[in-house]
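The values are calculated or read from the model by the stated rules, or taken from the named source; none is laboratory data. Remember, it's a predicted structure, so these values are computed and weren't measured experimentally. With ideal geometry, Cβ positions are generated from the backbone for all residues, glycine too; neighbour counts draw on all protein chains shown.
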Amino acid sequence: MVRCKSNTRFSSITSSVILTQTDTTVGFISQNNNKLAHIKERSSSKPFIKVYNSFKHIKIRIPQNKKNLVRRSSKTTFIVKNNAFRIDSTPKYSQILRELKWHYSTSANENSKKFNREFCEDKADILIENKNGLHELSSSRLLKINNTKIKVLR
């Protein structure tokens, strides 16, 4: 099920905030990080996780000896030189999501609170939901990597 607040047929998908079930938990996704920062009421200087639909779209230089780790990991966020990213190659339930090569992602909740469907539906421009609905799950693992070390942050 896809619901949209706008009368136009997804004309500005790159600037819309989408509420959907991600590979890890319920999340807000958008290519506009300023809108996400406004919803989450956090500083625009604090970066969001950038989620790619394929390894080939990553523009971040990953250490050569860690590429297989990144390529084969699932539900794992990596930090390389202060750039947080994740690869989500799971099948998408919506054509809209399949067409996005990357997007910013954050959990769908108020700052430091649990998932609240009413709050999330009010803040999102587009709602994408499958037959299983939206449900809160655990967040992704968080690994900081460089040429020599892997540090587990979450």
What strands (runs of 3 or more DSSP E), lying completely within the stretch 11-112, carry at least 1 residues that are surrounded by fewer than 19 Cβ atoms within 10 Å (Cβ to Cβ) and out of contact with any Ser or Thr (no Cβ under 6 Å at 6 or more places or on another chain)?
76-80, 83-87, 102-107
Can you work out which of the residues in the stretch 111-140 that are under 22 Å from GLN31 (Cβ atoms) and of a type in the set (Asp, Glu) is modelled with the lowest pLDDT?
GLU129
Hey, can you tell me all the residues within the stretch 113-154 that are surrounded by 13 or more Cβ atoms within 10 Å (Cβ to Cβ) and among the β-branched types (Val, Ile, Thr)?
ILE126, ILE128, ILE145
Go through the stretch 90-143 and give me each residue that's in contact with a Phe, Trp or Tyr (Cβ under 8 Å, 6 or more places away or on another chain), within 30 Å of ILE60 (Cα to Cα) and among the polar types (S, T, N, Q).
SER105, THR106, SER107, ASN109
Hey, among ILE62, ILE58, ILE49, ILE96, which residue is hydrophobic (A, V, I, L, M, F, W, C) and touching a Lys or Arg at 6+ places or on another chain (Cβ under 8 Å)?
ILE49
